[in-house]
Amino acid sequence: MSEPLPSSFDGHEQFQEETPLQKFGRRFKEEPWVPAGCAATCYALWRAYRSMKAGDSVEMNRMFRARIYAQGLTLLTVVAGGLYYRTERTQRREFEQALEIRKGQEKRDAWLRELEIRDKEDKEWRERHAAIEAAAKQAGKKPVLAEQDAARSVLEPSEEKYYGVLDAVRDLVSRRE
């Protein structure tokens, strides 16, 4: 989680950036009957399954009815919570959008700073090498830069013979013959 937001961040003083676990905890505190209804539904289904396996149709039908009541309770809780927390959720959504915009702007600003630093380094490098070339022309020599030599050695094949594993095996075989 990043640093806490200032209290005057777009008029959303009551909100703060939160992790998924914190969000789950907050939502659980706001609507504790939703997870309870889900758990009751699962329990009723499990009991109905056990009753079906045991052949007890009366208990199985009773548990299926209990499942329907538990799902109804869960649905009622979701709807009531949605109506009760509507304005807060709208405000939180606005806060999260403003937070995303701010993070995007910070990322863009950091990228621009990085580009400026790279541009400054490039200009310094060009000035340094222009000074080296000017000094070499004054001395009447052709400028030879170590960086150019290193680049040439990488690009041009070396005059030295490559001595690899196959060459070593050939030498061993030719010595024995």
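Here, the stretch 39-85 is characterised by an Rg to Rh ratio of 1.18, where Rg is the alpha-carbon radius of gyration and Rh the Kirkwood radius. For the stretch 35-139, the fraction of alpha-carbon pairs lying more than 19 Å apart is 72 percent, rounded to a whole number.
Charge tally around residue 36: other residues with Cβ under 15 Å, Lys/Arg +1 each, Asp/Glu -1 each, net +1. Each of residue 65 and residue 119 was given a label point 7 Å from its Cα along the Cα-to-Cβ line. The distance between the two points is 7.7 nm.
Our summary gives the stretch 35-123 a relative contact order of 25 percent, counting only alpha carbon pairs under 8 angstrom and 6 or more residues apart.
We did not get these values from a lab; they are worked out from the coordinates using the rules stated. Worth saying up front: this structure is predicted, and the values here are computed from it rather than measured. Don't worry about glycine lacking a Cβ; one is built from the backbone with ideal geometry, like all the others, and counts go over all protein chains shown.
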